[in-house]
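The values are calculated or read from the model by the stated rules, or taken from the named source; none is laboratory data. Quick caveat, the model's predicted, so the values are computed rather than measured. All Cβ positions, glycine included, derive from the backbone under ideal geometry; neighbour counts span all protein chains shown.
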Amino acid sequence: MAVGSVSACGSDGDGQSSEDAFCAAGDSLRSNISGIADIDIVSGGTDAITDPLSAIQSDVDELRDSGSDVAADEISALETAVDELDSALGDLGDDVPVAAAQAVGNSVGSVLTAAGNVLERLNSTCS
């Protein structure tokens, strides 16, 4: 039995095992992250990314709170990348200059990379 499987056992209080909660959060992350790279912040403004970012933040919280130690480092890196993207978005106003949009785009790239690392670890834990 893998160490990740041992630490993922248990219940989160609503009848769902920690492993099930962890895997469900991973599935949600996979879904929420899929379209974020295609968002055009220049034409769509910050509103175009606010809802997807909020959903990803919720997924990160669920992954972290599931009680699983699987991918803890990767989840932490994703949380940092999401916080940095949120901060970059907060620095923008309603008028999005190209340079600021590029900075947000770089942050989106960091989120995508970190999420990919989390999802890679999830693939080995969740079937």
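Couple of notes before you dig in:
Each row is one residue, and each column tells you yes or no for (1) among the acidic types (Asp, Glu); (2) under 14 Å from Leu119 (Cα atoms).
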{"residue": "Asp27", "(1), (2)": "yes, yes"}
{"residue": "Ser31", "(1), (2)": "no, yes"}
{"residue": "Asp40", "(1), (2)": "yes, no"}
{"residue": "Pro52", "(1), (2)": "no, no"}
{"residue": "Ile56", "(1), (2)": "no, yes"}
{"residue": "Asp65", "(1), (2)": "yes, no"}
{"residue": "Ala72", "(1), (2)": "no, yes"}
{"residue": "Glu79", "(1), (2)": "yes, yes"}
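- Annotation: of all residues in region 33-50 being in contact with a Leu (Cβ under 9 Å, 6 or more places away or on another chain) and part of a helix (DSSP H, G or I), the one that is surrounded by the fewest Cβ atoms within 10 Å (Cβ to Cβ) is Ala37.
- Some residue of region 103-115 being modelled with pLDDT of 80 or more and closer than 24 Å to Ser17 by Cα: yes
- Flag if Gly15 is more than 26 Å from Ser127 (Cβ to Cβ), among the small types (Gly, Ala, Ser), at pLDDT below 75 and not in a helix (DSSP H, G or I): no
- Filtering region 67-80 to residues that are modelled with pLDDT of 85 or more and surrounded by fewer than 21 Cβ atoms within 10 Å (Cβ to Cβ) leaves Ala72, Asp73, Glu74, Ser76, Ala77, Glu79, Thr80.
- Within region 51-66, being modelled with pLDDT under 90 and exposed (fewer than 14 other Cβ atoms within 10 Å of the Cβ) holds for Asp51, Asp65.
- Condition check for Ser5: at pLDDT below 85, in contact with a Cys (Cβ under 8 Å, 6 or more places away or on another chain) and hydroxyl-bearing (Ser, Thr, Tyr): no
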